[in-house]
Every structure is written in C-alpha cells, then in structure tokens.
C-alpha cells in the first residue's frame with residue numbers, strides 16, 4: 001500500500017469525465033489495484049477507482065504523475081502531484097474476519113426510512129402487520145396500487161422464507177382490480193431457491209446488512225443536522 005499526502009490535481013476519463021483542480025489531499029494506492037483520493041473532510045473519497053487497476057507512475061519535470069488504468073470498462077484516473085508532504089509504503093498483513101453486528105430489524109428500518117431501496121414510488125402502509133401465521137415484515141403499495149408484501153432475511157433466503165411468505169399471502173387480499181406482489185429481500189437467494197421463486201411469482205430484491213447500515217447512518221446524520229438547526233434557531 002502506498003500512502004501520499006500532497007497537493008495534487010486529478011483527471012478522470014472513461015464512461016464520463018471529470019477534473020479536480022489543485023488541493024492538498026490524501027492519496028491511497030492499495031495492492032489490489034484500487035485508488036482513493038480524499039479531501040480533508042467527508043468520509044467518502046472525492047475520486048476513486050475500484051480494485052483491478054494497473055498503476056503507472058513517472059516523474060515529469062520534477063512532478064510525480066500516477067495513473068490508475070482500469071481495463072474493463074476502460075477508464076483512467078490521472079493524479080498529478082506537487083509539494084509532496086508524505087510518501088510512504090507498507091505491506092499490510094490482515095487476515096481477520098469481518099463481522100457486521102446488524103439485524104433484520106436494521107434492514108427493515110432502512111426500508112422504512114428509504115422505501116426506494118426496494119423500488120421508486122413504494123408507499124409503506126404498515127410493518128409487522130399481524131396475519132394468522134405471523135407478522136408481515138413490511139406491507140406496502142406500489143405506484144400502481146398493487147399490494148406489496150415483503151419478507152426480509154439477513155442471510156441468503158431459502159425455502160423456509162419462501163414457505164413463510166406463501167403462508168402470509170393466503171391471508172391477504174389486494175384492492176379490487178389490483179394484485180399481490182410478494183417480495184423477498186435478502187443479500188442473496190440460497191442455492192436452488194431461484195427456480196422456485198420464479199415459479200411462484202415471488203420477486204427478489206437484493207439488500208445486505210452493510211447497505212442497510214449505511215442508509216441508517218446517513219439518515220441519522222441528516223436527523224442530527226435538522227436537530228442542530230432547530231436548536232440553533
């Protein structure tokens with residue numbers, strides 16, 4: 001891993017194009033071929049490229065130029081550095097497992113605060129809706145007025161989730177002229193579940209714990225800004 005703190009400009013070319021003028025920034029080049037350019041604020045990089053890039057570097061008239069080229073799709077990030085404050089390289093050993101302490105309730109809360117995680121125009125009507133076999137995680141209407149019944153799983157959803165959702169559907173009725181849309185929300189479908197889901201007309205929407213946590217964190221930050229503004233006034 002190469003870490004730099006320097007005044008730099010950044011140009012991107014590929015599916016679109018962008019230019020970032022001179023400024024002091026943190027630049028990180030990782031051994032898997034990803035690159036991050038951070039400003040002195042915000043947690044997200046202002047420019048970045050995913051893993052798989054090929055790095056090229058050269059010195060032109062005393063200026064270090066680093067280019068990160070992504071073969072597929074073809075795109076490149078060119079960093080022209082000046083006034084280098086820090087240049088260091090490391091070989092990091094890290095084999096620890098990552099465990100995210102999040103739950104299906106967090107996934108549910110994320111959908112409640114941001115329904116377009118499922119689809120645009122979704123309107124939440126109820127959650128933990130009581131039906132004879134149990135509780136429907138989320139009960140909603142789509143933009144056409146169809147009833148959407150959502151079952152959430154934090155692990156790959158298999159036959160138990162399909163059976164559970166099917167039992168709920170027996171006790172729910174859409175509005176006249178509309179239909180029921182059963183949806184399983186999970187990081188993925190378990191092996192062998194896809195043909196059964198397709199045959200039963202159940203939709204699958206991908207959502208993982210990490211994304212749900214990011215959504216909740218984003219909305220928490222937004223709520224804090226509103227509260228601070230209200231207190232200030």
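The values are calculated or read from the model by the stated rules, or taken from the named source; none is laboratory data. Worth saying up front: this structure is predicted, and the values here are computed from it rather than measured. Reconstructed Cβ throughout: ideal geometry from the backbone, glycine too, with neighbour counts over all protein chains shown.
What the table below lists for this structure:
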{"item": "Unmet criterion (only one of (1) under 27 Å from residue 208 (Cα atoms); (2) more than 26 Å from the chain's Cα centre (by Cα)) for residue 49", "result": "(2)"}
{"item": "Residue 156 vs. criteria in contact with a strand residue (DSSP E or B) (Cβ under 7 Å, 6 or more places away or on another chain), touching a residue at least 24 places away in the same chain (Cβ under 8 Å), surrounded by fewer than 21 Cβ atoms within 10 Å (Cβ to Cβ) and under 18 Å from residue 121 (Cα atoms)", "result": "no"}
{"item": "Among the candidates 217, 173, residue that is in contact with a strand residue (DSSP E or B) (Cβ under 9 Å, 6 or more places away or on another chain) and modelled with pLDDT under 95", "result": "173"}
{"item": "Per-region count, segment 67-109, residues in contact (Cβ under 8 Å) with a residue 60 or more places away in the chain and either crowded, with 16+ Cβ neighbours inside 10 Å or more than 30 Å from residue 124 (Cα to Cα) (or both)", "result": "23"}
{"item": "Sole residue being under 27 Å from residue 210 (Cβ atoms), out of contact with any helix residue (DSSP H, G or I) (no Cβ under 7 Å at 6 or more places or on another chain) and surrounded by 12 or more Cβ atoms within 10 Å (Cβ to Cβ), chosen from 136, 113, 148", "result": "148"}
